Amino acid sequence: MRLTPERVADEYEWVRDRTDVVVPLINDVRADLGDLFDTEVAPVSEEAYREEVDRLFADGDRAVNLATMIALLRELDVKGDYPGFVVDEMLGRELAGTIAGTQPLRLLGEATFHYADVSVHAEEGRETAGADDLDAALAAGFQTRLPGWDWQETESPFAIDRA
């Protein structure tokens, strides 16, 4: 695979234009997790999703890594899917974590990927074996980093202020 600034821009546009698939997945995951944890989680708008895609891809070092994983998952297909199961799971988990950010959000994004992945299936119009993992990774990563969770709205009580 050859990755150029033009290819990164193409992958950015593809992700940015995927609102019709990713935003409903984000909101489904948030609703499910909110029910599981007995909390209200604000839904994500298409505009908020696009703005966050813009922010992530504005960081060139992160953008090249995001674009690489996205391109790999978009093209990854293994006859019968099962032999490729591990690699598409690994790429999906890593993509979700990279989108989510630094710890602890990274770990939450990775964990949420596995939750989202069980509800996204290749036979739902996705063209390759990696495509379902790609959609699950985008939903998990963005739902983790975007505001809407109560615990993210306040300062941590564990911060040490030495001033």
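The values are calculated or read from the model by the stated rules, or taken from the named source; none is laboratory data. Computed from a predicted structure; not experimentally measured. Positions of Cβ are backbone-derived with ideal geometry, glycine not excepted, and every protein chain shown enters the neighbour counts. Accessible surface is based on the protein model in full, side chains and every heavy atom, while ligands, DNA and RNA are left aside. Shrake-Rupley method; radii C 1.70, N 1.55, O 1.52, S 1.80 Å.
Miscellaneous remarks
- Qualifying trypsin sites (Lys or Arg not before Pro) in segment 47-114, DSSP loop, other Cβ atoms within 10 Å at most 15: K79
- Rolling a 1.4 Å probe over the protein heavy atoms gives the chain an accessible area of 57 Å² per residue.
- Between the residues A63, V86, P157, the greatest Cα displacement towards the positive end of the dipole of the chain, with unit charges on the Cβ of Lys, Arg, Asp and Glu, is found for A63.
- Taking only alpha carbon atoms, the chain gives an Rg to Rh ratio of 0.99, where Rh is the Kirkwood radius.
- Only protein atoms count toward the accessible area here, which uses a 1.4 Å probe; on the chain, the carbon and sulfur part of that area reaches 53 percent.
- Diagonalising the gyration tensor over the Cα atoms of segment 35-106 and scaling each eigenvalue by 5 before taking the square root yields semi-axes of 25, 19, 12 Å, largest first.
- Comparing D133, D20, D32 in a Gaussian network model of the chain (Cα springs below 10 Å), the most mobile by mean-square fluctuation is D20.
- C-alpha long axis of helix 46-58 to longest principal axis of the chain, angle in °: 80
- Cα centroid separation - segment 51-81 against segment 19-41, whole Å: 22
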